[in-house]
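Visitor: My questions all concern the structure below.
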Amino acid sequence: MTVLSDFRRGRSCVFGLHVHLVFVAKYRRHVFDGAAIETLRGIFEKVCADFGAELRACDGEDDHVHLLVEYPPTVAISALVN
């Protein structure tokens, strides 16, 4: 059972859209350290704010970064990722 506060409300809709994105370094090289992931988190939060989305979680390892983004139905995932 989901709590109603977990949903976002628009003018004519109620939604709870989430996407799990994984960004991988080319050739799975070990390029992301803790400082790089924190810098990327700030950039991802700014991009999400520009699109009206919310960055719920951001974590990573040395060769990839995971994002959990909640976004409105008016935003195309391809535009958000681009």
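Visitor: When region 38-55 is examined, which residues are found to be open to solvent by less than 60 Å² (accessible area, probe 1.4 Å) and without any contact (Cβ under 8 Å) to a residue 12 or more places away in the chain?
Guide: Hit for region 38-55 is GLY42, nothing else.
Visitor: Any chance region 22-37 includes a residue that's touching a Leu at 6+ places or on another chain (Cβ under 6 Å) and open to solvent by 70 Å² or more (accessible area, probe 1.4 Å)?
Guide: Of region 22-37, the ones touching a Leu at 6+ places or on another chain (Cβ under 6 Å) are none.
No, region 22-37 contains no residue that is touching a Leu at 6+ places or on another chain (Cβ under 6 Å) and open to solvent by 70 Å² or more (accessible area, probe 1.4 Å).
Visitor: For the subset of region 56-72 comprising residues that are open to solvent by less than 70 Å² (accessible area, probe 1.4 Å), closer than 13 Å to GLY16 by Cα and not hydroxyl-bearing (Ser, Thr, Tyr), which member is modelled with the lowest pLDDT?
Guide: PRO72
The values are calculated or read from the model by the stated rules, or taken from the named source; none is laboratory data. Computed from a predicted structure; not experimentally measured. As a convention, Cβ positions derive from the backbone with ideal geometry for all residues, glycine included, and neighbour counts pool all protein chains shown. The area values use the complete protein model at the heavy-atom level, side chains included, leaving out ligands, DNA and RNA. Shrake-Rupley method; radii C 1.70, N 1.55, O 1.52, S 1.80 Å.
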